[in-house]
Amino acid sequence: MGDPQTVPQYFVAMAQKFGHQRVAVRQKKYGVWQEFTWQECYDQVESFALGLIVLGLQRGEQVCSIGDNDREYLWGYLGAQVAGAAVVGMYTDAIPNEMKYIVNHSDATFALAKDQEQCDKFLDIQADIPLVKKVIYWDERGLWNYDNDWLISFQEVQALGRELAAKEPDRFAREVALGQADDVAMICYTSGTTGLPKGVMLTHHNLIAAAATTHPIDPRTENDNHVSFLPMGWIAEPVFGIVPHCYTGMIMNFPEEPETVRENIREIAPQNLAYSARLWENLVGLVQVRLKDANWFNRKLYEIFLPIGYQVAEKKINKEPLSLGLKLQYQLGDWLLFAPLRNQLGMSRIRSAYTAGAVLSPDHLRFFHAVGINLKQIYGSTEVAGGATLHRDGDIKYASVGIPNPEMKIRVAENGELQIAGPTVMKGYYKDPENTAKDILVDEDGTRWFCTGDAGYIDEDGHVIFQDRVKNMLRLANGEIFSPQFIEGRLKFSPYIRDVMAIGDPTRDYVTALIILDFDNVGHWAEQNRIGYTTFTDLAQKSEVHELVRGAVIEVNKTLPEGARIRRFVLMHKEFDADEAEMTRSRKLRRDVLADRYGEIVEAMYDGRELIQVKAMVKYQDGSEGFIDTQIKVLSV
């Protein structure tokens, strides 16, 4: 075999290099970190890949996969690709109808499903997904009494593979060698914010290029640790985890349970960490709430040293020298406050931290740099295998999403749209030549440009400034142009606000907002202030909570042009819900659905009403549910 071209070929090269000498994978089970060498992982992938071949998997087919981040997911992912299949990831909380669409649209012939919960979803739709030959599970708890030969365990597949290996000892090596750079490695489905999800075909060349173009900026080594917890159905985890694992040899660490991720991150203390923008926002909220409960001494440390942290961060960002006095103050603050905080967050050894999926507000970026976390913004999309831009060490602008990665190009079209070219640009949308032709422009020299649909510009230093989706840049009747996403991001810096939809259009004279409170944080605040409440709906309509959130809105308004400030808002009686199609599984707002569903509330914010009657489903503390008619208040700023 020549130079590696595919993800499995890089994996095999690493296994041959390190064998039993180095750990490749860890997973915490029953309170103990279990370790697996590169050779042990090689053996697992070999037997699974050959087992799939015995079961009838053909090159060019698809294998869909759903389940928590586990070593079996990794081995199954690589095994399917060795056999020539593309992997189709799905979110673990996908409902059967969502799964049915993706399975059928992708023409998947096999399915990987972690456990009883996921197998039950497949059994619900078995008659509707006729191409699927077998559903392979790797956690057998609860499945012992199931009598359906459509289901087969991961271990049974591997046993079939070992039988084939005994007959054809070189079969695995031959299959690995058959892989080509232009083979489709993944079909990753978009979030479907504007319609049915589209299947993005990413080749092995795309995925390897994603690792290769970021490696010169932030190198990984075989001594680095990666904690795998982002959803495998999202492009970020394969690109930040699986591919660099095979490309650089870094160690993959899988949490014990989704609920133990933060604890497991603290134990591993990885050198690099990628969170979605939502998770970074939650982390700031968590820190702020915990500090309110801290003792007097720790609160005082925070009050004294956080402003010093902000000063140092600003000077570094602006490339200004630090005075000796400021250096000494920061070192003291680091010893007393920032280092213990980083340790609590599992970031004591962090070199680079990343945010992706949505633009993180400058306030959040500023906070993490103040406490010594080198947080960088990534910009890209599924169609370009994750990231196309990245902040560089010593060249970070809070308002930007970084500069293009090596070999990547970005240009701004006449309508202000950002377009991306480079080796990570997708092959196309699966079975969708019309949208492929619409989203991929080909220049005369053959350069392929992906049309992002995002509005932005490139500043004098080469930094890309993301504004919003082109279609979401809105003009008010007063002529002011505003970005709903920017306003939403600034408001979500408050620990008391979970979600926001900012509203305005050419028929409106001012901006309004639907605001969802953060139930846990506001509930904790209410208890501390002796404010009684029964349900989410009840808490959201407390006058004290209104004033709490109004204060956050006033602070954000100070950063906006006067004509684009929020004038009225509503604290919603319920959370936005992905199961009700109000947002995607990656928590992006489905604006058209929300505008239609809550149209009467929106109108009330513009026609002068102060109260509006709604029917709300409530969940009581004993777990019971019911419906109530209630009034919600329209608040002015």
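The values are calculated or read from the model by the stated rules, or taken from the named source; none is laboratory data. No experiment lies behind these values; they were computed from the predicted model shown. Glycine also receives a Cβ, built like all others from the backbone with ideal geometry; neighbour counts cover every protein chain displayed. Quick note on the areas: whole protein, heavy atoms, side chains included, nothing else; ligands and nucleic acids left out. Shrake-Rupley method; radii C 1.70, N 1.55, O 1.52, S 1.80 Å.
Observations on the model:
- Within the stretch 259-287, considering residues that are hydroxyl-bearing (Ser, Thr, Tyr) and crowded, with 19+ Cβ neighbours inside 10 Å, the one nearest to Lys29 (Cα to Cα): Tyr275
- Matching residues, the stretch 288-316, being within 28 Å of the chain's Cα centre (by Cα) and open to solvent by less than 10 Å² (accessible area, probe 1.4 Å): Gly309, Ala313
- Within the stretch 357-391, the set of residues being over 23 Å from Pro244 (Cβ atoms) and β-branched (Val, Ile, Thr) comprises Val359, Val371.
- Any pair with Cβ under 9 angstrom, 6 or more apart, that starts in the stretch 296-319 at a residue that is in a loop (DSSP other than H, G, I, E, B) and ends at one that is surrounded by 13 or more Cβ atoms within 10 Å (Cβ to Cβ): Lys319/Asp395
- Count - residues of the stretch 450-473 that are in a helix (DSSP H, G or I) and over 23 Å from the mean Cα position of the chain (by Cα): 0
- Residues in the stretch 556-576 that are open to solvent by 50 Å² or more (accessible area, probe 1.4 Å) and in contact (Cβ under 8 Å) with a residue 60 or more places away in the chain: Thr559, Pro561, Arg565, Arg567, Glu575.
Conditions tested, residue by residue: (1) at pLDDT 95 or above; (2) more than 27 Å from the chain's Cα centre (by Cα); (3) not basic (Lys, Arg).
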{"site": "Pro506", "(1), (2), (3)": "no, yes, yes"}
{"site": "Ile515", "(1), (2), (3)": "yes, no, yes"}
{"site": "Gln528", "(1), (2), (3)": "no, yes, yes"}
{"site": "Ala552", "(1), (2), (3)": "no, no, yes"}
{"site": "Leu560", "(1), (2), (3)": "no, yes, yes"}
{"site": "Ala564", "(1), (2), (3)": "no, yes, yes"}
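- Filter result for Ala111 (in a loop (DSSP other than H, G, I, E, B), within 20 Å of Leu202 (Cα to Cα), modelled with pLDDT of 95 or more and of a type outside the set (Val, Ile, Thr)): no
- Taking the conditions (1) closer than 18 Å to Glu414 by Cα; (2) open to solvent by 20 Å² or more (accessible area, probe 1.4 Å); (3) of a type in the set (Asp, Glu) in turn, Asp468 satisfies each one other than (2).
- Unique residue being over 25 Å from Phe229 (Cβ atoms), open to solvent by less than 50 Å² (accessible area, probe 1.4 Å), small (Gly, Ala, Ser) and over 25 Å from the mean Cα position of the chain (by Cα) when the list is Gly60, Gly142, Gly51: Gly51
- Residue, most open to solvent (accessible area, probe 1.4 Å), within the stretch 164-182, restricted to residues that are of a type in the set (Asp, Glu) and in contact (Cβ under 8 Å) with a residue 12 or more places away in the chain: Asp182
- Unique match (being of a type in the set (S, T, N, Q), over 30 Å from Thr203 (Cβ atoms) and modelled with pLDDT under 95) among Ser381, Ser361, Ser400: Ser361
- When the stretch 222-237 is filtered for residues that are assigned to a loop (DSSP other than H, G, I, E, B) and over 17 Å from the mean Cα position of the chain (by Cα), the ones remaining, listed by number, are Glu222, Asn223, Asp224.
- Criterion: in contact (Cβ under 8 Å) with a residue 40 or more places away in the chain and in contact with a strand residue (DSSP E or B) (Cβ under 6 Å, 6 or more places away or on another chain) - qualifying residue of Gln5, Gln27: Gln27
- Some residue of the stretch 326-343 being part of a loop (DSSP other than H, G, I, E, B) and among the small types (Gly, Ala, Ser): no
- Leading residue by the ranking (surrounded by the fewest Cβ atoms within 10 Å (Cβ to Cβ)) among those in the stretch 92-108 that are of a type outside the set (D, E, K, R), in a loop (DSSP other than H, G, I, E, B) and in contact with an Asp or Glu (Cβ under 8 Å, 6 or more places away or on another chain): Ile95
- Residue list for the stretch 598-610, filter: in a helix (DSSP H, G or I), in contact (Cβ under 8 Å) with a residue 12 or more places away in the chain and exposed (fewer than 15 other Cβ atoms within 10 Å of the Cβ): Glu600
- Selection from the stretch 371-397 of residues that are crowded, with 22+ Cβ neighbours inside 10 Å and assigned to a helix (DSSP H, G or I): Glu383, Val384
- Helices (runs of 4 or more DSSP H) within the stretch 150-221 that include 3 or more residues under 30 Å from the mean Cα position of the chain (by Cα): 204-214
- The condition (being among the acidic types (Asp, Glu), farther than 24 Å from Asn282 by Cβ and open to solvent by 70 Å² or more (accessible area, probe 1.4 Å)) is satisfied by just one residue among Asp579, Asp520, Asp592, Asp505: Asp592.
- Just one of the numbered conditions (1) at pLDDT below 95; (2) closer than 20 Å to Cys188 by Cα is not true of Asn478: (2).
- Selection status of Gln44, modelled with pLDDT of 95 or more, open to solvent by 10 Å² or more (accessible area, probe 1.4 Å) and touching a Ser or Thr at 6+ places or on another chain (Cβ under 6 Å): no
- Some residue of the stretch 124-131 being open to solvent by 30 Å² or more (accessible area, probe 1.4 Å), part of a loop (DSSP other than H, G, I, E, B), in contact with a strand residue (DSSP E or B) (Cβ under 9 Å, 6 or more places away or on another chain) and over 30 Å from Ala13 (Cα atoms): yes
- Matching residues, the stretch 401-425, being out of contact with any Lys or Arg (no Cβ under 9 Å at 6 or more places or on another chain) and in a loop (DSSP other than H, G, I, E, B): Val401, Asn405, Pro406, Glu407, Met408, Ala413, Glu414, Asn415, Gly416, Pro423, Thr424
- Among (1) under 29 Å from Asp395 (Cβ atoms); (2) touching a residue at least 60 places away in the same chain (Cβ under 8 Å) - the single one Ala185 does not satisfy: (1)
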